[in-house]
1. How many residues are in a loop (DSSP other than H, G, I, E, B) and surrounded by 10 or more Cβ atoms within 10 Å (Cβ to Cβ) if we restrict to region 32-69?
2. Applying the selection to region 1-21, what residues are modelled with pLDDT of 75 or more and over 22 Å from the mean Cα position of the chain (by Cα)?
3. Among the residues of region 40-58 satisfying the criterion of being touching a residue at least 24 places away in the same chain (Cβ under 8 Å) and under 14 Å from the mean Cα position of the chain (by Cα), which is nearest to M12 (Cα to Cα)?
Amino acid sequence: MLSFLEITLLNMRETYDKFMHRIKNEKTFFNSSAINSLDMRTIQCVLPKQNNPRLIAQQGAFVLFGFKDAVSDETATPIIPNKMYGTAKTSSKKNSGEKIKIIIKGSEKQKILDELKILGISNSTMFPEIDNIANELKNQYAKPR
């Protein structure tokens with residue numbers, strides 16, 4: 001008879017194998033031996049190819065969430081500061097996954113924008129077209145009336 005841990009590992013392996021099968025059907029050249037199956041349960045940060053002016057300017061990355069844990073039936077979840085700037089509400093609908101809605105207090109908007117600016121994130125870095133850069137420079141150097 002299999003132990004609970006063995007059953008859990010077997011279920012994880014089955015989920016992993018199905019996922020790899022789907023990828024190989026779409027990308028026949030995919031090498032699944034380069035993937036550690038335990039990494040499929042964690043949150044991963046992926047840096048894309050820097051082949052697009054917007055991606056380069058945004059210094060973009062993608063966050064991938066792993067499979068559900070066979071024991072707790074939960075995926076790893078990021079920590080959201082619940083009362084710092086507003087509130088976070090979690091809802092789950094059948095077949096659509098978990099959704100987190102973050103409601104930011106209007107009074108905190110400028111504070112958040114200022115903190116993002118310190119980190120180098122602004123409208124002109126997110127959307128580096130010339131009109132956005134010009135607007136930001138105009139606002140930065142405009143004389144107060």
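1. Summing the residues that are in a loop (DSSP other than H, G, I, E, B) and surrounded by 10 or more Cβ atoms within 10 Å (Cβ to Cβ) in region 32-69 gives 15.
2. The answer is E14, D17, K18, H21.
3. T42
The values are calculated or read from the model by the stated rules, or taken from the named source; none is laboratory data. These figures come from a predicted structure and were not determined experimentally. Cβ coordinates were reconstructed from backbone atoms using ideal geometry, including for glycine residues, and neighbour counts include every protein chain displayed.
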